[in-house]
1. Using the structure shown, decide if residue 138 is crowded, with 23+ Cβ neighbours inside 10 Å, more than 19 Å from residue 44 (Cβ to Cβ) and out of contact with any strand residue (DSSP E or B) (no Cβ under 8 Å at 6 or more places or on another chain).
2. Answer yes or no: is there a residue in the range 203-218 that is surrounded by fewer than 17 Cβ atoms within 10 Å (Cβ to Cβ), outside the structural domain of residue 84 (by TED's automatic domain parsing) and modelled with pLDDT of 90 or more.
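The values are calculated or read from the model by the stated rules, or taken from the named source; none is laboratory data. Since this is a predicted model, take the numbers as computed values, not measurements. Cβ: placed from backbone, ideal geometry, glycine included. Neighbour counts: every protein chain shown.
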């Protein structure tokens with residue numbers, strides 16, 4: 001699609017998502033799905049308002065399927081990942097993904113992994129109180145790519161530069177419990193990348209467990 005046509009389409013969709021009725025919002029989502037998903041442009045100009053409209057529809061049963069497709073297509077362009085984080089995509093995916101199954105759940109987790117490649121997205125995920133239990137649950141119930149994306153999200157939480165001594169994340173879940181869940185998940189259907197990420201995550205959990213017990217023993221300020 002010509003870039004001017006795309007800009008016009010995105011602007012029209014933004015107006016409908018911001019001010020339209022539920023029917024108009026759904027038609028805007030389907031329009032975006034038809035335009036963006038088959039051939040995602042490398043640098044779509046996505047406004048914060050448009051992204052907020054897409055993210056809001058993740059909480060809408062009627063709109064969630066096209067919304068997961070559009071969010072993933074938009075997040076393929078790195079510039080849009082920052083916009084998605086600002087629009088609350090990380091917290092929204094964490095809060096709704098357990099209600100999704102199959103392809104929509106997989107797409108939501110894929111979009112989450114992409115938003116976590118920018119520092120703001122990774123920080124949002126680490127600070128979300130439900131992130132660990134939700135990702136552990138999704139890792140257990142998803143197969144293939146979906147499992148890989150959930151493992152990847154946990155790797156962001158516990159991986160390098162992750163949980164710091166002044167981070168409240170330490171209260172979320174004992175690393176040994178997460179490690180047991182990861183080990184169990186890796187015994188099932190998993191991609192090669194998922195297994196590599198899982199091995200890295202188990203190593204990070206081991207390190208994290210050591211840091212955690214040291215801090216508990218020393219009670220450093």
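1. Working: crowded, with 23+ Cβ neighbours inside 10 Å: yes; more than 19 Å from residue 44 (Cβ to Cβ): yes; out of contact with any strand residue (DSSP E or B) (no Cβ under 8 Å at 6 or more places or on another chain): yes.
Yes: the conditions hold for residue 138.
2. Checked the range 203-218: at least one residue is surrounded by fewer than 17 Cβ atoms within 10 Å (Cβ to Cβ), outside the structural domain of residue 84 (by TED's automatic domain parsing) and modelled with pLDDT of 90 or more.
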